[in-house]
Amino acid sequence: MIGVAALAWVLRRLDLERLRADLAGADVRFILLVPLAIVAEQWVRAWKWRQLLHSIKPGIDTLHLLGAIMAGFLVGMLVPLGAGALARSWLVARREALTTSGVLATVALDRLTDGIVFALLIPVALVLVAFPDPAGDIRAGLAWVAVGSLVLFGLLLLALSAYRRDTLREGGHVLRLARALPERIAGPVRRVLISFAEGVSWPRELWRGLGIVLASAAMKLIAATHFLWAGLAFGVLLAPGTYLFLTVFLGFVAVLGHWARVPGSFIVAAIFALGLFGVAEATALAMVLVVQGASLLSVAALGALALWRQGVALADLRTAQRAHEAGG
């Protein structure tokens, strides 16, 4: 209800004639660049994930990881609460003869690295971009998001490091707690805990670690071009730093909207953010529809293709949870 009300309020004065004119006159060449940028962004993520997986299995093909990532996004659209991360971990574990919990640990490192780089880009975007904010609420809010994110993600990395050290040493507290469980589940739980700890491993090679960080930054820069191409399709060209601001602002809103389960939050935030830079509501909505539509089509097409190539029916993904619980 909150999502619908917010969307109705933002679109209450929408110029439908202009929206139709914008969509009819769109430059298809630029629209086609949006899904290409989305796939390129996820290909970089797949390469980065390969470096994180190197410590538990070297030489995994980047293209297969890209398919697992897109399949995970597809499952995440259908099943909420982190099912996408579990699905993509299970797909890779299934193909590479690894444990799902071990691969899931590398996904956690992937997300945390992205989060830290995202937080570091927020002050850069605020310095580069000028926009109307008389009360300073937007800048202050984003600054607090940056500080809070750095603290949170830093603490999570320290917690994962401490968990790995404790679990993989003889007589660690984590495994002692697992032995206190009933005998029939103590064994599977112990295997899952150990496997996850083994997956929490940063590459020893300096170039791999640096590559992971740079890949996270490259992904954000590629993501910034989504609205560049969508805008050019409708004759909108903004200052270069504006696209970075849109990326960090809408990235935060997307995460918040996902966990709060508020539909339409990205659309509302994008129209509001584009309006700060003088983009008309109808044109902003057209740009958002292009970006959202390209994202959905890319995920649906490549995700379904990846599942089909691996011989996986969507119903079979239910076994991922059972395999995880059993330490598989």
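Of note:
- Burial order of peptide ranges 168-174, 267-273, 86-92 (average beta-carbon count within 10 Å, highest first): 86-92, 267-273, 168-174
- Accessible area expressed per residue, the chain, with surrounding protein chains retained (probe 1.4 Å, Å²): 50 Å²
- Among the protein heavy atoms, those of SER161 account for about 50 Å² of accessible surface (1.4 Å probe, every chain in place).
- Taking all protein chains together and rolling a 1.4 Å probe, LYS220 ends up with roughly 30 Å² accessible.
- Counting protein heavy atoms only, segment 120-243 has 70 percent of its accessible area on carbon and sulfur, 1.4 angstrom probe.
- Each peptide in 199-207, 274-282 receives the mean, over its residues, of other Cβ atoms within 10 Å, and ordering these scores from highest gives 274-282, 199-207.
- Subtracting the Cα-Cα distance of SER161 and ALA180 from 0.36 nm times their residue separation leaves 4.5 nm of extension gain.
- When Rg and Dmax are taken over the Cα atoms of segment 76-234, they come to 20.0, 64 Å.
- Packing-based ranking, highest mean first, of 294-302, 179-187 given that Cβ atoms within 10 Å are counted: 294-302, 179-187
- In this simple spin-label approximation, ALA135 and ARG20 carry label points 7 Å from Cα along the Cα→Cβ vector, and these lie 3.8 nm apart.
- Here, P(r) means the percent of Cα pairs in each 5 Å bin from 0 to the largest distance; for segment 191-285 it is 2, 11, 17, 17, 13, 12, 10, 7, 6, 4, 1, 0.
- Between segment 87-122 and segment 200-261, the C-alpha centres lie 17 angstrom from each other.
- Anisotropy class of segment 1-54 from Cα gyration tensor, a/c 1.5 cut: oblate
- Mean Kyte hydropathy of 1.0 or more with a Cα span along the axis of at least 27 Å, helices from DSSP in the chain: 100-128, 137-167, 206-232, 240-260, 281-309
- Per-residue ellipticity at 222 nm computed for the chain from its helices equals -26500 deg cm²/dmol, with DSSP H segments shorter than 4 residues left out and the rest contributing -39,500 (n - 2.57).
The values are calculated or read from the model by the stated rules, or taken from the named source; none is laboratory data. All figures in this text were calculated on a predicted structure; none of them were measured in a lab. No Cβ is skipped: glycine too gets one built from the backbone with ideal geometry, and neighbour counts run over all protein chains shown. Only protein heavy atoms, including side chains, enter the accessible area calculation; ligands, DNA and RNA are left aside. Shrake-Rupley method; radii C 1.70, N 1.55, O 1.52, S 1.80 Å.
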